[in-house]
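These notes concern the structure reproduced below.
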Amino acid sequence: MPKVLVSDKLSETAVQIFRDRGVEVDYLPDLGKDKEKLAEVIGQYDGLAIRSATKVTDKLLERATNLKVIGRAGIGVDNVDIPAASKKGVIVMNTPFGNSVTTAEHAIAMMFAVARQLPEASASTHAGKWEKNRFMGVELFNKTLGVIGAGNIGSIVIDRALGLHMKVIAYDPFLSEDRAKEIGVRKVELDELLAKSDFITFHVPLTDKTRNILSRDAIAKLKPGARIINCARGGLVDEQALAEALQDGRVAGAAFDVFAEEPATNSPLFNLPNVVVTPHLGASTSEAQENVALQVAEQMSDYLLTGAVQNALNMPSVTAEEAAVMGPWIKLAGHLGAFVGQATDEPIKAINVLYDGIAAGMNLAALNAAVIAGVMKASNPDVNMVSAPVIARDRGIQIATTHQDQSGVFEGYIKLTVVTAERERSIAGTVFSDGKPRFIQIRGINIDAEVGEHMLYTRNRDVPGVIGALGGTLGDMGVNIANFTLGRSASGGDAIAILYLDDALSPDVLAALEKTGKFLQARALHFEV
């Protein structure tokens, strides 16, 4: 009988699911706070069910000699060292959609609170004052709401805001026009959203592209008197700059549930008038907590008893029989998607995948999910193989799959083509006999490139001096090259290079390459190898 430890608080109903399914369970909800005691006992368990209090570090995983699965009741897995878990062969699961409605409702509640200054008015009245004239609010009716991020939670916020008869505009580079029409929102660029919105709410993950998306410069572009709501992730807003804008009256109010540093015991936003703050309560309703707890218990039981995998962040949803054969091909599919996702800045309209040879006879649903997840991870690091197709569908991205069995140089290969309004971008790859994925074609140019964790992709015209400029610049910047692959369409035509590097590239290196004037494109890429 498999044995599971629940080290954070879950509902009794969820704990009972383990027992009813035939899984032995120890419910010790305060153990996650005691790192030493947790490390002493973790070796006894096949599964670990957690919320956010338990920190699953590489050191803890070293002691987890029998651990097979970690289940996070919720979406965020910042408290789990996923690379370390992957190396140990431990599956990490989450419950990506259980909190959606609750988080969206909290954003709407915060918008009402800041519009009518409810917390301050309540505190004043509790103090025995009757300051009716002090708290002059504004209506939400007919106001413009700017939604940054129109994915799962953002689309729920949009639906609720439209019910309040607000005008809704959205900024989301990955939102298609068809999907925007479907959910009833007008798609705009960020500057227009900043200039026209009475209220702005964030529903994006924290990535390199979204960090400080509401920067000091962006705050200067806000419509005077705007109100800012952030129930998504800390770090999306320059809190110091926003505090200054609140103090001088350029911004009328703010409501924050998340902060750049948490637990937030001090923030530039604290103790300012008409600033509503809550301690990361977005998912804190009894319904949401129950939903994610039940889901994680079901998912972990399924895996431990039958081998079925759902909502795994570091493993594809395939059967045990398929995994042995498909593993390298699933990794290849993810690499192809990751390449195109990182190289594409504009909204994606369609993802087309061609499978040839032995790849065409595999579990194409799993391979498709790996491709889509690779593409989507560039904009949403929380995505996994289960949630990726759902997110792509919600964004109106069309997915097409074809397969063929043509004899050729390779036993099989996968070709991915991503379509945007401006262009098509394609890449193909195969798995060699050594089990390692290779890129074999980019932009129709044949190559043979091994995939590494840190890579550089460049595009140029085929003229003398480019290779020297590339190697010389990297050498001057102290960048060591592990592998260097070149390709061209024809003499004097389009040419590409893809380099496998020892370390991640800094922005200074890319800037130095751009200054040479030799390259049409230079892009740093990262792959989970």
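Would a scan of segment 440-457 turn up a residue that is under 13 Å from Phe519 (Cα atoms) and open to solvent by 50 Å² or more (accessible area, probe 1.4 Å)?
No, the conditions are met nowhere in segment 440-457.
Scan segment 251-270 residue by residue and report those that are β-branched (Val, Ile, Thr) and open to solvent by 10 Å² or more (accessible area, probe 1.4 Å).
Within segment 251-270, Thr265 is the sole residue that qualifies.
Within segment 95-105, is even one residue more than 23 Å from Asp26 (Cβ to Cβ), touching a strand residue (DSSP E or B) at 6+ places or on another chain (Cβ under 7 Å) and surrounded by fewer than 23 Cβ atoms within 10 Å (Cβ to Cβ)?
No.
State all residues of segment 358-368 that are open to solvent by less than 10 Å² (accessible area, probe 1.4 Å) and either out of contact with any His (no Cβ under 9 Å at 6 or more places or on another chain) or hydroxyl-bearing (Ser, Thr, Tyr) (or both); if no residue qualifies, say none.
Residues satisfying the conditions are Ala366, Leu367.
Return the pair list, or none, for Cβ contacts closer than 7 Å from residues in segment 421-434 that are touching a residue at least 60 places away in the same chain (Cβ under 8 Å) to residues that are open to solvent by 40 Å² or more (accessible area, probe 1.4 Å) and aromatic (Phe, Trp, Tyr), at least 6 apart or on different chains.
Matching pairs, first to second residue: Ala428/Tyr413; Gly429/Tyr413; Thr430/Phe410; Thr430/Tyr413.
Just one of the numbered conditions (1) at pLDDT 95 or above; (2) closer than 24 Å to Val375 by Cα; (3) surrounded by fewer than 23 Cβ atoms within 10 Å (Cβ to Cβ) is not true of Leu236; which one?
So Leu236 meets the others, but not (3).
Please count how many residues of segment 62-72 are open to solvent by less than 30 Å² (accessible area, probe 1.4 Å) and either more than 8 Å from Asn94 (Cα to Cα) or of a type in the set (A, V, I, L, M, F, W, C) (or both).
The total comes to 4.
Exactly one of these conditions fails for Ile229: (1) part of a loop (DSSP other than H, G, I, E, B); (2) on the phi < 0 side of the Ramachandran plot; (3) modelled with pLDDT of 95 or more. Give me its number.
So the condition that Ile229 fails would be (1).
What number of residues within segment 392-423 satisfy the criterion of being buried (at least 21 other Cβ atoms within 10 Å of the Cβ), in contact with a Gly (Cβ under 9 Å, 6 or more places away or on another chain) and not aromatic (Phe, Trp, Tyr)?
4
I'm trying to understand the selection: among the residues of segment 293-314, which are small (Gly, Ala, Ser) and within 22 Å of the chain's Cα centre (by Cα)?
Ala293, Ala312
Specify the residue that is least open to solvent (accessible area, probe 1.4 Å); the eligible residues are those in segment 491-509 that are under 14 Å from Asn460 (Cβ atoms) and outside any strand (DSSP E or B).
Within segment 491-509, the match that is least open to solvent (accessible area, probe 1.4 Å) is Gly493.
Which one of these does Leu281 not meet: (1) modelled with pLDDT under 90; (2) open to solvent by 30 Å² or more (accessible area, probe 1.4 Å)?
Tallying (1) modelled with pLDDT under 90; (2) open to solvent by 30 Å² or more (accessible area, probe 1.4 Å), Leu281 fails exactly one: (1).
Failed condition for Ala350, given (1) within 19 Å of Gly396 (Cα to Cα); (2) in contact with a helix residue (DSSP H, G or I) (Cβ under 8 Å, 6 or more places away or on another chain), with all others met?
(2)
I need a count of the residues in segment 1-39 that are touching a helix residue (DSSP H, G or I) at 6+ places or on another chain (Cβ under 8 Å), farther than 22 Å from Asn99 by Cβ and assigned to a helix (DSSP H, G or I).
Residues flagged as touching a helix residue (DSSP H, G or I) at 6+ places or on another chain (Cβ under 8 Å), farther than 22 Å from Asn99 by Cβ and assigned to a helix (DSSP H, G or I) within segment 1-39 amount to 6.
Restricting segment 416-433 to residues that are assigned to a strand (DSSP E or B) and of a type outside the set (A, V, I, L, M, F, W, C), which is farthest from Ala400 (Cα to Cα)?
Thr430
Does segment 40-49 hold any residues that are open to solvent by less than 80 Å² (accessible area, probe 1.4 Å) and either in a helix (DSSP H, G or I) or of a type in the set (Val, Ile, Thr) (or both), and which are they?
Those that are open to solvent by less than 80 Å² (accessible area, probe 1.4 Å) and either in a helix (DSSP H, G or I) or of a type in the set (Val, Ile, Thr) (or both): Val41, Ile42, Gly43.
Restricting the search to segment 354-396, which residues are touching a Lys or Arg at 6+ places or on another chain (Cβ under 7 Å) and among the hydrophobic types (A, V, I, L, M, F, W, C)?
Hits for segment 354-396 are Leu354, Val383.
Residue by residue, here is whether (1) open to solvent by 30 Å² or more (accessible area, probe 1.4 Å); (2) at negative phi holds:
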residue: Gly74; (1), (2): no, no
residue: Glu120; (1), (2): yes, yes
residue: Arg134; (1), (2): yes, yes
residue: Glu139; (1), (2): yes, yes
residue: Gly146; (1), (2): no, yes
residue: Ile153; (1), (2): yes, yes
residue: Ile169; (1), (2): no, yes
residue: Ala180; (1), (2): no, yes
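Quick check: is even one residue across segment 402-410 in a strand (DSSP E or B), in contact with a helix residue (DSSP H, G or I) (Cβ under 6 Å, 6 or more places away or on another chain) and within 19 Å of Leu499 (Cα to Cα)?
For segment 402-410, residues in a strand (DSSP E or B), in contact with a helix residue (DSSP H, G or I) (Cβ under 6 Å, 6 or more places away or on another chain) and within 19 Å of Leu499 (Cα to Cα): absent.
I need the full set of residues from segment 61-95 which are modelled with pLDDT under 85 and touching a helix residue (DSSP H, G or I) at 6+ places or on another chain (Cβ under 6 Å), in order please.
Lys88
How many residues does segment 284-303 hold that are open to solvent by 30 Å² or more (accessible area, probe 1.4 Å), touching a strand residue (DSSP E or B) at 6+ places or on another chain (Cβ under 7 Å) and among the hydrophobic types (A, V, I, L, M, F, W, C)?
0
So which of Lys221, Lys196 ends up being under 12 Å from Val251 (Cα atoms) and either open to solvent by less than 70 Å² (accessible area, probe 1.4 Å) or more than 23 Å from the chain's Cα centre (by Cα) (or both)?
Lys221
Taking segment 343-365 only, how many residues are in a helix (DSSP H, G or I) and within 19 Å of the chain's Cα centre (by Cα)?
Qualifying residue count, segment 343-365: 1.
Could you give me the residue pairs with C-beta distances under 7 Å whose first residue belongs to segment 491-512 and is closer than 21 Å to Val529 by Cβ and β-branched (Val, Ile, Thr), whose second residue is at pLDDT below 95 and open to solvent by 60 Å² or more (accessible area, probe 1.4 Å) wherever it lies, and which are 6+ apart or on separate chains?
Sorted first by the residue in segment 491-512, then by its partner, the pairs are Ile496/Arg443; Val509/Met477.
The values are calculated or read from the model by the stated rules, or taken from the named source; none is laboratory data. What you see is a predicted model; the values in this text were computed from it and never measured. Glycine gets a Cβ as well: all are built from the backbone with ideal geometry, and neighbour counts include every protein chain shown. The area values use the complete protein model at the heavy-atom level, side chains included, leaving out ligands, DNA and RNA. Shrake-Rupley method; radii C 1.70, N 1.55, O 1.52, S 1.80 Å.
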